[in-house]
Each structure stands twice: as C-alpha cells, then as structure tokens.
Amino acid sequence: MASDNARRYRGRFAPSPTGPLHFGSLVAAVGSFLDARAHGGEWLIRMEDLDRPREVTGAAQDILRTLDAFGLHPDSETVYQHQRGDLYQQALEQLEATGHVYPCACSRRDIQRLADAGYTPGIYPGTCRNGLPPGRPARSMRLRVPELAIRFHDRLQGGFDEWLSQSCGDFVLKRADGLFAYQLAVVVDDAAQGITDVVRGADLLDSTARQILLHQLLGQPVPRYLHLPVAANRQGEKLSKQTGAAPVDAARPVETLWTVLEFLGQSPPQGLRSAGLAVFWRWALDNWDTRHLPPRRLIKQH
Ligand code: GLU
C-alpha cells in the first residue's frame with residue numbers, strides 16, 4: 001500500500017439528509033471543497049442517510065441540487081450510506097473476530113438508571129463488558145475501548161489527547177434498532193473511499209478520537225483532520241434544523257458563498273460579491289489559506 005504521504009489528497013462532504021442545506025452545512029461543504037482543490041485533490045459527496053427514520057423525504061435531492069447550483073461539483077458519483085450495509089457488517093465482523101466487540105443488553109433506561117445512581121452520565125459503565133446478564137438478550141454491539149490515550153493533531157484546532165474510557169466508554173457500533181452507528185459507517189466509508197483529509201465542523205471533534213481508534217483497529221490509514229468553526233445563532237446554538245436555521249438561498253449563490261468565505265477568515269474583496277460563479281471560485285481557490293481560518297470551535301452569526 002502507498003504510504004500516507006504518497007496518497008493523493010481526497011476530501012469529502014458528508015451531509016445527513018435531515019433537511020435543506022443551511023449556512024452551517026455550507027461552511028463545511030465550501031471548506032472541504034476548497035481545501036481539496038487547493039491541494040490539487042479530489043472532492044467527493046457522501047450522503048449519510050443511514051438513519052432512515054430521521055431522514056426528511058426529498059432532502060438528499062434538495063441538498064445535491066443546491067450544491068450543484070453553488071458550483072460545488074464532486075469528482076465522482078455520490079455515495080449513499082443506506083446502500084453500504086454489507087461493508088459495515090464486514091467491518092463489524094472483523095472487529096468481532098479480533099475480540100474488540102461485545103453484545104450489550106442495556107437499554108437507554110438501564111444506562112440512565114445507573115447515571116441516576118452516581119455513574120458519570122454519558123460514559124457507558126461497562127455493565128455487559130464481561131458477558132450479558134443472565135436472561136437478558138443482546139440489543140446492541142459495543143466496541144471495547146482500550147485504556148490508552150488517543151492522540152491526534154487537528155490542522156486548525158491543535159493537539160488532543162483523549163482517553164475514551166473517560167469521555168464515552170465502550171461505544172455502540174450497531175444500535176438496538178439494527179442500524180449501524182455513524183461512528184462505524186463514517187470510518188468504513190472514509191477508508192473505502194480513500195479519504196486522506198477530513199474537513200468538517202468542530203462539533204465533530206468529540207467523535208474524532210473514536211473514529212481514529214476504529215481506523216487503527218481496522219488496520220486502515222488514519223486521515224488528517226481539520227475542524228472548522230461551527231456557525232451558531234445569537235443564542236450560541238449551532239445552526240441546525242432543530243435550531244430553525246434557514247435554508248441557504250440558492251438563487252443568489254455568490255452572495256451566500258462570499259459570506260461563507262468571510263466566515264472562514266479569507267477576507268474576500270467586496271467586489272467579489274457581484275461576480276459570477278466562475279470568477280468567485282477562481283478567487284476563492286487562488287486565495288485559500290488555512291492560516292487565516294479562525295482557530296475557534298464556534299462563531300456566532302449576527
Ligand atoms: N453526516 C455528518 C453530519 O452531517 C457529518 C459527518 C462527517 O463529516 O464526518 O453532521
């Protein structure tokens with residue numbers, strides 16, 4: 001296999017089709033696109049539609065149409081996670097065969113009860129780690145996290161040192177409803193698609209150590225990471241469908257893209273606001289400079 005350094009840059013944007021594209025998701029799309037292109041690399045789109053119950057009908061098509069209207073054209077066909085169950089199953093079996101996975105009988109309510117009894121909330125207390133309690137059927141599959149620190153360097157946010165046993169404990173790879181967890185799917189797909197660089201919102205920094213561990217256990221190269229600041233509303237809440245973020249205006253793409261570039265610290269000139277898409281992208285690519293990205297996790301929008 002080629003060494004990490006020799007692998008050609010390949011980036012991606014991985015939206016979840018839970019609603020139309022809003023400013024916050026466009027920031028991740030633009031940042032990942034520009035960073036890939038500025039490195040002479042490829043950029044892919046992956047539709048993260050594993051959680052079909054949460055999916056909004058028509059949202060995937062709407063997101064793709066909007067990206068296209070903004071001139072964000074991928075270098076190969078869009079991949080849909082709901083069609084890739086076999087790959088996730090294979091990875092789960094590989095981890096099972098090497099003793100890293102165990103079945104878990106705990107429901108959310110069981111875990112909540114333990115939290116009420118004094119265990120740290122948000123950290124799985126390991127009830128089923130050494131076997132299912134008698135008479136209880138398996139509900140989910142969990143990864144046994146090792147007692148060691150996961151160390152990584154984010155190109156923007158700096159160095160991290162995370163003990164998963166203290167931040168989340170053994171985490172779910174296959175859920176009680178039979179769906180594969182995001183953490184497993186994202187790692188399997190990033191490897192299968194040859195992604196060298198993950199550029200996405202800083203809300204996903206919390207997931208990064210789990211994903212690095214999975215890459216390592218599956219024997220896959222670990223991508224580089226760059227976590228962009230996340231756009232928040234005036235109350236400091238991340239823009240999302242839940243916080244009522246407005247869909248981006250695809251009728252005036254350059255105006256919107258200009259605001260994204262400014263958010264990303266790239267100081268686009270005023271005159272670029274009224275340029276055509278091709279001129280806009282030329283300027284954005286020629287001037288993309290990660291040293292100007294604000295090294296923050298959250299930026300309020302006014
Ligand atoms: N699908 C995830 C989201 O929309 C992003 C996953 C990723 O970029 O790793 O939040």
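The values are calculated or read from the model by the stated rules, or taken from the named source; none is laboratory data. Because the structure is a prediction, the values reported are computed rather than measured. Backbone-built Cβ (ideal geometry, glycine too); neighbour counts: all protein chains shown. Keep in mind that these areas ignore ligands, DNA and RNA; they rest on the heavy atoms of the full protein, side chains included. Shrake-Rupley method; radii C 1.70, N 1.55, O 1.52, S 1.80 Å.
At a glance:
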item: Test: residue in segment 278-287 that is over 23 Å from the mean Cα position of the chain (by Cα) and part of a loop (DSSP other than H, G, I, E, B); result: no
item: Helices (runs of 4 or more DSSP H) (entirely within segment 40-124) containing at least 2 residues that are out of contact with any helix residue (DSSP H, G or I) (no Cβ under 7 Å at 6 or more places or on another chain) and in contact (Cβ under 8 Å) with a residue 24 or more places away in the chain; result: 59-69, 85-97
item: Hits in segment 275-289 (condition: open to solvent by 50 Å² or more (accessible area, probe 1.4 Å) and either more than 15 Å from Pro253 (Cα to Cα) or touching a helix residue (DSSP H, G or I) at 6+ places or on another chain (Cβ under 7 Å) (or both)); result: Leu277, Trp283, Asp286, Asn287
item: Complete set of residues in segment 189-210 that are away from the ligand (no atom under 12 Å from the Cβ), open to solvent by 10 Å² or more (accessible area, probe 1.4 Å) and either among the aliphatic types (A, V, I, L, M) or within 14 Å of Leu156 (Cα to Cα) (or both); result: Ala191, Ala192
item: Of all residues making up segment 211-240, the number that are without any contact (Cβ under 8 Å) to a residue 60 or more places away in the chain and either near the ligand (Cβ under 10 Å from one of its atoms) or surrounded by 21 or more Cβ atoms within 10 Å (Cβ to Cβ) (or both); result: 2
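Residues are listed down the side, and each one gets a yes or a no for (1) within 15 Å of the ligand (Cβ to nearest atom); (2) over 30 Å from Leu156 (Cα atoms); (3) open to solvent by less than 60 Å² (accessible area, probe 1.4 Å); (4) of a type in the set (Lys, Arg):
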{"position": "Ala6", "(1), (2), (3), (4)": "no, no, no, no"}
{"position": "Leu21", "(1), (2), (3), (4)": "yes, no, yes, no"}
{"position": "Val27", "(1), (2), (3), (4)": "yes, no, yes, no"}
{"position": "Leu34", "(1), (2), (3), (4)": "no, no, yes, no"}
{"position": "Glu42", "(1), (2), (3), (4)": "no, no, yes, no"}
{"position": "Glu48", "(1), (2), (3), (4)": "yes, no, yes, no"}
{"position": "Arg84", "(1), (2), (3), (4)": "yes, yes, yes, yes"}
{"position": "Leu92", "(1), (2), (3), (4)": "no, yes, yes, no"}
{"position": "Val101", "(1), (2), (3), (4)": "no, yes, yes, no"}
